[in-house]
Amino acid sequence: MGPFLTALQNVLGDPRVVIVIFLSAFFGVFVGAIPGLTATMAVALLVPIAYWLDPIAALAAVVSVVACAIFAGDIPNTLLRIPGTPASAAYANDARNLTRQGKSDLVLGTALVCSVVGGILGAVVLMLLGHQLAKVATAFSAVEYFWLYLLGLSCAVVVSSGPKLNGLLALMIGLLVSTVGLSAVHSKARFTFGVAELYGGISFIPAMIGLFGVSEILNNLIRMRASQKGKTEYLAAESPVSSTVTGWQRFLLQPVRSLFGSGAGMLLRRKGHVLRSAGIGALIGMLPGAGADIAAWVSFAISKRFSKKPQLYGEESIEGIADATTANNAALAGAWIPALILGIPGDSVTAIVIGVLLMKNITPGPDIFTKQTELVYSLYVIFILANVILLPVGFLAVRAASRLVRIPRAILLPAILLFCIVGSYALNASYVDVIVMLTMGVLGFVLERHRVPLAPIVLGLILGPMVEERFIQIMTGSDSLIGGFLNPQRPLALGLAVVFALVWISTIFIQTRSKRNKGNPERE
Amino acid sequence: MERPHPRHLTDRLWIFLCLLLLVSAGCGRKDSYPNRPITFICPWGAGGGTDRISRQLAFQLEQELQVPVNVVNATGGGGVTGHSRGARARPDGYTITMVTVELNMLHWRGLTSISHEDFQPVLMVNRDAAALFVRTDSQWSTLAELEQAIRANPGKLKASGTAFGGIWHVALAGWLTTIGLQASDVTWIAMAGAASSLQELMAGGLDMVACSLPEAQVLLNADKVRCLGVMADQRLPAYPEVPTFEELGVNWHVSTHRGIAVPLGVPESRFSILEKAVTRAAQSEEYLQYMENTGAGAAAVPSEEYARFLEKTDKAFGEVFAGPSFQGVKHKCGPMFFPLVLSGLLGVCLVACIGSGSLRRVSERHEISTAATLDMFILVGCVILYIVTAEVLGFVLSSAAILLILFRRMRLTWAVAISATVLLVALVYQLFAIGLRVPLPRGLFGW
């Protein structure tokens, strides 16, 4: 308990650290809420400032920026259907549909509460099991990753609404688009038509902004023309605010109740689900490479499988949103496990963290728990504190952002388009990215009119190069096909392969059964 | 808000004043170089080794030059994107590039025509020698033992460290050729980078990893990996216990290098200002301390010597790439294997979808009216207009133009359309370019 108390004193007793956490939280929410600007970018922008801070304050800044930026990604996702992170793409449709019904408060409140709880539970996992889990991370070789990626891709199809065949089609489109650029393994240009800018491949951030954001703008244009003339148009239905309350009640109590009342109530009713999602998040998030994204999808898929209302998933499921956001934020702490213990970054954020640690003359490694006990415990405290602070800061951000949907559509749509353009360009300062955004926007619009879900495209785009890389690594390293992919000496890989097979068998089984029962599989 | 009501004069005045403040904030400028933010191109992703060094230097440079220095991660194509953009940037001294060792490699592999001859080097800031690692629990404790094992089972042992043909691959292949073996006697598994290779080494998927010492520092300190030797001409000060290959009887050195360069044709006066600032930054206590902490090798090789060094390295790599090691390697799955499989699957899916009728449109969706079609075309056209004009006109004019078109199309009055445009453009510009310092198209006027 000794080091823990010292850590508490280090963090809470130092007003500078608390102030840093607060400021970083605002900064994180702000950056995360702008489409196209990622949590990684927010942290990278922070690095020069971190130089002036002492180690604990610097870590506090990074932790709270990331936690807040990841949550803030849900704000444009909910209000404008522009996912801030690939992880939020899993439930972009659900959030949008609920917003159209005027339930944006419900979505954002749930996302906020679940993010906070997920973040805290993830930190608890890091605290209690960090050292043991690091061993699991070292057991993952190319084969295990290959099956894990396939499992993640399958989840994207399983959770998609409508006919599964269309989901599969979307996934294949995403995977195929991901092969544009230099192949990771051979360094040979593919489908680049001599354009050097395409060597880097199709970046998923502009693609995501296009697929969801731009196609949603196009959808809105149609809705605008189709509705009555002479009436000012808004993005969402009016949320039911009772006008009888006045004064502070109207500005504080009412919004607090409408945001948190629903989220907290749901949390209490679904304790088991929350724990499950946080566990999945922390476990998958810990694996270096695409952790948080896969975690959200897998959690969403498992949530759907055990739900009483699976038909709502991918359409308007608040339960799905809750479970995915929980896993999403729990994964953040998970990514720190390999970073702290093995010095291997779990994602680009922890890569920067390792840089910050080294800058402060702290070397990550298995002995960090014994040599830097105070620092590690402070980190735990920071994780929890940052997530607690997210609650009020996120609340303010949600209140401010909710006004967006009250701006007339005629002004809002061009403004969103400008933000889409700027956000796509900001990533790489490349016009190719803007073209990608536009193309994907039109593609997304066309596909959606044919009931092809968009979310699997995003996951295909992200995981495509990784699947290919792992596939070829296994092929190069082994003599026979079976021996490579189903190596009996690697039980973990076999286990993942079995789960993968089970997911598909059960999906096909459910599909054919519902077809027999209702004769109309599309409606599910 | 059916239609904008005429407001009180004071209201309008206030809005106008606020707008003026927004637009004009940060407009005061000096005349001398540098008087506006400098773009610092980093060809590698945020969080990597090159990015960290770039950001550290950018921070130092900012204090030297008294203008913001913004790091832009122009990633992709194994460095092609960043290096090409850096070489083709306007030679006005406002774009500098962190060039890496790949500048000496990419053109030999036919990936780009850009080479060190397209850059004017300013200062080399870092050099890291390649080293060879095995697991601590492996059976090889010296380089000689590993060499024996490779000779005994050619092609059986697996190594990685980076992609095929990357710097660490060249390092390993060079070692093998120097001791009279073939590069293909060790199977090179292409991995994304040193971090994932080291992880694969720990997981048992690889037998050895070639990468720099700082990249493996954590695992080395934790006694999880063993370093068999470093390919430098003398022992590294940070790792005095690691023998060099030369001591072990192998005359082969490879190192990565990173340095700052500008496109050809930067005016002499500006170049010397930049050179002085970069040199001071690279010799600052903060930078040296940072490099020492990360274990990376700090350097400060001045322009002319750096140019000669690039020339020499380039020749050496040319020989490696032209040699039989790289020409003779066959891949089990060619680059088009995966896309072909995917196209096949996509085709099957498409046929199945059409066959089952699952692509039918949903009837309750709104039908698209002619006006809406026109709306969509105008919107798409506006984005294209922006893409075409932004590089010349700059962000402010281009975005204002497309916003105005769209607002008018949305049947807003001129007054509302213009004020909304001015407000939005100013807001976005202040937010992105000045607040968050993310790149916006600059155009010929600089805004």
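Beta carbons closer than 9 Å, at least 6 apart along the sequence or on distinct chains, pair a first residue in the range A:181-206 that is within 7 Å of chain B (Cβ to nearest Cβ) and farther than 27 Å from A:Cys420 by Cα with a second that is among the charged types (D, E, K, R) and surrounded by fewer than 21 Cβ atoms within 10 Å (Cβ to Cβ) for A:Ser183/A:Arg190; A:Ser187/B:Arg109.
Okay, residues lined up against (1) more than 11 Å from the chain's Cα centre (by Cα); (2) surrounded by fewer than 21 Cβ atoms within 10 Å (Cβ to Cβ); (3) in a strand (DSSP E or B):
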site	(1), (2), (3)
B:Arg36	yes, yes, no
B:Ile41	no, no, yes
B:Asp51	no, no, no
B:Arg55	yes, no, no
B:Val67	yes, yes, no
B:Val71	no, no, yes
B:Thr81	no, no, no
B:Gly86	no, no, no
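Within the range B:422-447, being more than 10 Å from every other protein chain (Cβ to nearest Cβ), in a helix (DSSP H, G or I), of a type in the set (A, V, I, L, M, F, W, C) and over 23 Å from the mean Cα position of the chain (by Cα) holds for B:Val422, B:Ala426.
The residue that is nearest to A:Ile209 (Cα to Cα), counting only those in the range B:387-404 that are within 25 Å of the chain's Cα centre (by Cα) and either more than 9 Å from every other protein chain (Cβ to nearest Cβ) or not charged (D, E, K, R) (or both), is B:Ile387. Cβ separations smaller than 7 Å between residues 6+ apart or across chains give the following pairs from the range B:385-406 residues that are under 16 Å from A:Asp433 (Cα atoms) and at pLDDT 90 or above to residues that are among the small types (Gly, Ala, Ser) and surrounded by 23 or more Cβ atoms within 10 Å (Cβ to Cβ): B:Tyr386/B:Ser398; B:Tyr386/B:Ser399; B:Thr389/B:Ser398; B:Ala390/B:Ser398. Before we move on, is A:Leu46 within 14 Å of chain B (Cβ to nearest Cβ), without any contact (Cβ under 8 Å) to a residue 40 or more places away in the chain, over 13 Å from the mean Cα position of the chain (by Cα) and not in a helix (DSSP H, G or I)? Answer is no for this residue. The residue that is farthest from A:Pro206 (Cα to Cα), counting only those in the range A:425-441 that are of a type in the set (A, V, I, L, M) and at the interface with chain B (Cβ under 7 Å from one of its Cβ atoms), is A:Ala429. Can you confirm whether A:Ala72 is on the phi < 0 side of the Ramachandran plot and surrounded by 22 or more Cβ atoms within 10 Å (Cβ to Cβ)? Spelling it out, A:Ala72 is indeed on the phi < 0 side of the Ramachandran plot and surrounded by 22 or more Cβ atoms within 10 Å (Cβ to Cβ). Looking only at residues in the range B:257-295 that are among the small types (Gly, Ala, Ser) and over 27 Å from B:Phe317 (Cβ atoms), the one that is farthest from the chain's Cα centre (by Cα) is B:Ser269. The set of residues from the range A:396-424 being free of Cβ contacts under 8 Å to residues at least 12 places away in the same chain and either within 28 Å of B:Gly82 (Cβ to Cβ) or at the interface with chain B (Cβ under 7 Å from one of its Cβ atoms) (or both) comprises A:Ile411, A:Pro414, A:Ala415, A:Leu418.
Is it fair to say B:Ser369 is in contact with an Asp or Glu (Cβ under 8 Å, 6 or more places away or on another chain), more than 27 Å from A:Gly32 (Cβ to Cβ) and at the interface with another protein chain (Cβ under 7 Å from one of its Cβ atoms)? No; evaluated as a whole, the condition is false for this residue. Residues that are crowded, with 22+ Cβ neighbours inside 10 Å and among the β-branched types (Val, Ile, Thr) within the range A:264-317 comprise A:Val274, A:Ile280, A:Ile284, A:Ile294, A:Val298, listed in sequence order. Within the range B:75-94, the only residue that satisfies the criterion of being hydrophobic (A, V, I, L, M, F, W, C) and at the interface with chain A (Cβ under 10 Å from one of its Cβ atoms) is B:Val80.
Could you please let me know if B:Met124 is crowded, with 20+ Cβ neighbours inside 10 Å and more than 11 Å from chain A (Cβ to nearest Cβ)? Yes; evaluated as a whole, the condition is true for this residue.
For the range A:153-180, the set of residues classified as touching a helix residue (DSSP H, G or I) at 6+ places or on another chain (Cβ under 9 Å), outside any helix (DSSP H, G or I) and either aromatic (Phe, Trp, Tyr) or more than 7 Å from chain B (Cβ to nearest Cβ) (or both) consists of A:Ser160, A:Ser161, A:Ser178, A:Val180, listed by residue number.
One residue stands out in the range B:382-413 among those that are among the polar types (S, T, N, Q) and either assigned to a helix (DSSP H, G or I) or outside the structural domain of B:Ala433 (by TED's automatic domain parsing) (or both): the one that is nearest to A:Ile217 (Cα to Cα), namely B:Ser399.
The values are calculated or read from the model by the stated rules, or taken from the named source; none is laboratory data. None of these values were measured; they are calculated from a predicted model. In this analysis, Cβ positions are derived from the backbone assuming ideal geometry, glycine residues included, and neighbour counts consider all displayed protein chains.
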